[in-house]
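A.B. asks: The structure that follows is given in the form of structure tokens.
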Amino acid sequence: MELIWEDELHKYQIRNIRSFQEADKIRLEMVSKGFSGAFILAYKGTERISIQEAVQYSANAGR
């Protein structure tokens with residue numbers, strides 16, 4: 001977990017997760033620990049992509 005400061009807010013990031021299922025499992029775990037605003041962002045390299053693109057990319061990478 002990494003702490004970053006952005007727009008006067010502190011944010012926690014967990015990186016290098018390879019599947020949406022794993023990311024959602026971690027998100028639910030964080031919510032259960034009191035991080036009610038936990039959400040998922042997807043990146044391909046440094047470019048932010050939609051969750052749908054990330055799921056499709058992950059499925060194609062497993063072939």
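A short reminder: the numbers here are calculations on the coordinates, not readings from a lab. Quantities reported herein were computed from a predicted structural model and do not represent experimental measurements. Using ideal geometry, Cβ is built from the backbone for each residue, glycine included, and neighbour counts are taken over all protein chains shown.
A.B. asks: Would you mind checking the tilt of helix 51-61 against the longest principal axis of the Cα atoms of the chain, expressed as 0 to 90 degrees and rounded to 10?
C.D. replies: So the inclination is approximately 50 degrees.
A.B. asks: What nm value, rounded to one decimal, do you get for the distance between ALA61 and ILE40 when each label is placed 7 Å out toward the C-beta?
C.D. replies: Between ALA61 and ILE40, the label points sit 1.3 nm apart.
A.B. asks: Using label points projected 7 Å from each Cα along Cα→Cβ, tell me how many nm separate LYS11 and LYS25, to one decimal.
C.D. replies: Calculated label separation equals 2.5 nm.
A.B. asks: If you project the alpha carbons of the chain onto the principal axes, what extent comes out on each, in Å, largest first?
C.D. replies: Result, largest extent first: 39, 25, 17 Å.
A.B. asks: For region 1-38, which chymotrypsin sites (Phe, Trp or Tyr not before Pro) are in a loop by DSSP, counting at most 12 other Cβ atoms within 10 Å? Could the numbers behind the result be given before it?
C.D. replies: Working: sites: TRP5, TYR12, PHE20, PHE35; in loops: PHE35.
Those that pass, being in a loop and sparsely packed, are PHE35.
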